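Everything on this sheet refers to the single structure shown next.
The values are calculated or read from the model by the stated rules, or taken from the named source; none is laboratory data. In this text, all values refer to a predicted model and were calculated from it rather than measured experimentally. Please note: Cβ atoms are built from the backbone with ideal geometry, for glycine as well, and neighbour counts cover all protein chains shown.
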Amino acid sequence: MFEIVQHSKQQKKFASIWEHACEKNGWENDSYRNDAVRYNLLISNRYPFLPKKAIGTVEFIPFDPLHKNSTVEGEGRSKFSHYPDIKANQKKTWEIDKLCLHESYQRQGHFKRFMEVFYDHALHYEPIYYIGLMEKKFYRMIKILYKLAVEQRGEELVGTGQTLVPVVLKIGEIMENKKMVERILREAK
């Protein structure tokens with residue numbers, strides 16, 4: 001269950017979760033771009049008459065390596081635009097940013113529910129690639145789950161307290177594999 005962030009109340013929920021994670025983990029909170037598509041991951045409230053609760057966030061940004069606020073390209077980041085397949089498909093490549101699950105809901109099996117969000121975005125925007133910088137532990141988990149559809153591109157970026165891995169998720173290939181999509185969505189329930 002998720003919602004696309006379209007109004008200020010939804011954006012406040014998104015910002016609350018994301019900015020809390022930034023503060024707790026010492027992450028840089030980059031700007032909220034107007035061309036981004038943001039989602040809140042939701043769970044049902046204990047009482048059905050109360051609104052659903054936001055527990056996670058993810059933002060998809062059209063890849064523009066020249067944009068001053070690119071989350072993946074530039075000094076101290078990666079060089080995805082140097083790869084021929086990314087360069088040739090730049091208009092079908094999206095950055096993944098602000099992906100987090102609130103600490104109160106981690107290690108409870110909620111993470112797989114993000115796959116419904118990725119599926120919804122992929123259906124509407126038809127990307128070929130998602131690119132991002134992932135924490136190393138998170139990358140290992142994603143690699144185990146999605147195998148060849150996830151690959152490291154370039155050297156790890158080692159910073160204070162964390163190592164980020166430049167990652168390409170071949171979402172176009174995943175979407176063409178109907179059996180894999182069915183399995184992923186079934187596991188997300």
Handout entry: The listed residue being modelled with pLDDT under 90 and either touching a Cys at 6+ places or on another chain (Cβ under 9 Å) or closer than 24 Å to residue 17 by Cβ (or both), out of 169, 101
Key = 101
Problem - The lone exception for residue 156 - which of (1) of a type in the set (Asp, Glu); (2) over 23 Å from residue 32 (Cβ atoms); (3) out of contact with any strand residue (DSSP E or B) (no Cβ under 9 Å at 6 or more places or on another chain) it fails - result: (3)
Completion exercise
Within segment 159-189, the residues that are among the small types (Gly, Ala, Ser) and more than 12 Å from residue 122 (Cα to Cα) are 159, 161, 188
Exercise for the section: Evaluate segment 100-108: report whether one residue or more is surrounded by 13 or more Cβ atoms within 10 Å (Cβ to Cβ) and among the small types (Gly, Ala, Ser). Expected result: no
Handout entry: Considering residues of segment 10-35 that are basic (Lys, Arg) and at pLDDT below 95 only, the residue nearest to residue 119 (Cα to Cα)
Key = 33
Fill in the blank from the handout: Going through segment 153-189 in order, the residues found to be over 17 Å from residue 117 (Cα atoms), among the hydrophobic types (A, V, I, L, M, F, W, C) and surrounded by 13 or more Cβ atoms within 10 Å (Cβ to Cβ) are 157, 164, 165, 167, 168
Problem - Candidates 95, 116, filtered to the one that is acidic (Asp, Glu), part of a helix (DSSP H, G or I) and touching a residue at least 24 places away in the same chain (Cβ under 8 Å) - result: 116
Exercise for the section: Kindly indicate whether residue 71 is of a type in the set (S, T, N, Q), closer than 28 Å to residue 152 by Cβ, surrounded by 12 or more Cβ atoms within 10 Å (Cβ to Cβ) and touching an Asp or Glu at 6+ places or on another chain (Cβ under 6 Å). Expected result: yes
Practice task
Could you list, in sequence order, all residues of segment 1-31 that are touching an Asp or Glu at 6+ places or on another chain (Cβ under 8 Å), over 30 Å from residue 186 (Cβ atoms) and part of a loop (DSSP other than H, G, I, E, B)?
Solution key: 29, 30
Problem - Residues of segment 119-153 classified as touching a residue at least 40 places away in the same chain (Cβ under 8 Å), out of contact with any helix residue (DSSP H, G or I) (no Cβ under 8 Å at 6 or more places or on another chain) and not in a helix (DSSP H, G or I), total - result: 2
Practice task
Report, ordered by the first and then the second residue, all pairs with beta carbons closer than 6 Å, sequence separation of six or more or different chains, a first member in segment 61-77 that is free of Cβ contacts under 8 Å to residues at least 24 places away in the same chain and more than 14 Å from residue 34 (Cβ to Cβ), and a second member that is outside any loop (DSSP other than H, G, I, E, B) and of a type outside the set (S, T, N, Q).
Solution key: 73/80
